[in-house]
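The values are calculated or read from the model by the stated rules, or taken from the named source; none is laboratory data. These numbers come from a predicted model, not from an experiment. So basically every Cβ, Gly included, is an ideal-geometry build from the backbone, and we count neighbours across all protein chains shown. When the accessible area is computed, the model is the full protein with side chains, heavy atoms only, and any ligands, DNA or RNA have been set aside. Shrake-Rupley method; radii C 1.70, N 1.55, O 1.52, S 1.80 Å.
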Amino acid sequence: MATFVEATEQRKLELAENYQAIIEKINRLNPKVNLVAVSKIKPSSDIKALYDAGVRHFGENYVQELVAKSQELPKDIKWHFIGGLQSGKAKDLAKHVESLYAVETIDSLKKCKQLDNTRERVGGTEINVFLQINTSGEDQKSGYNSDVLDELEEIVKYLLSDECKKLKLIGLMTIGSFSESTESSSHENQDFKKLVQVKQILDEKYKLDLELSMGMSNDFEQAIKQGSTNVRVGSSIFGARPPRNA
Ligand SMILES: *Cc1c(COP(=O)(O)O)cnc(C)c1O
């Protein structure tokens, strides 16, 4: 199974300490918040080191990388797919990642149906989904418009219908804008505030209690103060990532 060399003792210690430091900060604010360790571009040996320390929730951004890692790492890891989902790739996720726990970046009905239909066809386990909301209105960000909710409601209705077999709607996700995430710590993040508003509307209308996936290394504490239930932290645990195309 394992095709990689284990991390050094020093690296194992460093990862466990970094993870613990984040957990302590989370616990001071709200111990119920789920921490997803974002391991994109980092080696399987790093993931295994944290796994051995008891960590189960990991986040990945690239389908091929997630497929490869999920095949060589323990099957009880709870993988979160948090990358941009291209049409067609949803099938690979549903087919090849048995222990896919959640897809946090659903932003179209078409991709959502691909994921559901493929998972049904291969007889896989249920997948939790978060709908991605573009709260900042930035063009380069994916996700549903947070001001016009028609399209978003269309997908909510699909997910709650009998037509949908293998997906479970559990929450909303956003990536805050850079400017909002780098404001002073007392500043209320406007992106997170918008996500909370969308949750309130949907909860009320469809009798839900949606989770909120918001907050990364720079802004997870602020996100928790504003109601986040799921934070996605990468570089503060694993160290800085090289630029993707380096
Ligand atoms: C990379 C990434 C993260 C983690 O970012 P860090 O700043 O390294 O903590 C969280 N969420 C998404 C969607 C990401 O792509």
- request: Compute the Rg to Rh ratio over the chain from the alpha carbon atoms, using the Kirkwood formula for Rh, and round to two decimal places.
  value: 0.95
- line: Phi-derived 3J(HN,Hα) across the stretch 178-190 with the Karplus relation (6.51, -1.76, 1.60, θ = phi - 60°), rounded Hz, x for Gly and Pro, is 4, 5, 5, 6, 10, 5, 4, 5, 8, 6, 6, 6, 5
message: List the lysines whose Cα sits under 24 Å from the Cα of LYS95, skipping any in the same chain fewer than 8 residues away.
response: LYS40, LYS42, LYS48, LYS69, LYS75, LYS78, LYS110, LYS111, LYS113, LYS165, LYS166, LYS168
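I want the local charge near GLU60. Using Cβ-Cβ distances under 11 Å, sum +1 for each Lys or Arg and -1 for each Asp or Glu among the other residues.
Values: positive: LYS40, LYS42, LYS69, ARG232; negative: GLU65, GLU104.
Around GLU60, the charge tally is +2.
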- line: Expected vector for the stretch 216-228, Karplus 3J(HN,Hα) from phi with 6.51, -1.76, 1.60 and θ = phi - 60°, integer Hz, x for Gly and Pro, equals 10, 3, 6, 9, 5, 5, 4, 4, 5, 4, 9, x, 4
- prompt: By accessible area of protein heavy atoms, probe 1.4 Å, what ranking do HIS80, HIS57, HIS187, HIS96 get, highest first?
  reply: HIS96, HIS187, HIS57, HIS80
field: 5 angstrom amide H check on GLU211, placed H, neighbours 5+ away
entry: GLY171, LEU172
Whole-percent carbon and sulfur share, accessible surface of the chain, 1.4 Å: 46
Interchain or long-range residues, amide H under 5 Å from ASN34's placed H: ASN230, VAL231
statement: accessible surface per residue for the chain, probe 1.4 Å, DNA/RNA/ligands not counted, whole Å² -> 49
statement: Taking max minus min of the Cα coordinates of the stretch 73-171 on each principal axis, largest first, gives extents in Å of 39, 30, 22
- prompt: Which whole-Hz couplings ³J(HN,Hα) result when phi for each residue of the stretch 145-159 is put into the Karplus expression 6.51 cos²θ - 1.76 cosθ + 1.60, θ = phi - 60°, listed in order with x for Gly and Pro?
  reply: 4, 8, 9, 10, 9, 4, 5, 5, 5, 4, 6, 4, 4, 4, 4
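Around GLU138, under 11 Å between beta carbons, what's the net of Lys plus Arg minus Asp minus Glu among the other residues?
Net charge in that neighbourhood comes out at -2.
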task: Determine which residues of the stretch 160-188 fall in the zone a paramagnetic label at LYS207 would reach in this model, i.e. backbone nitrogen under 15 Å from the point 7 Å along Cα→Cβ.
output: 160-162
field: Distant-in-sequence amide H partners of SER146 (H built 1.01 Å from N, under 5 Å)
entry: ASN134
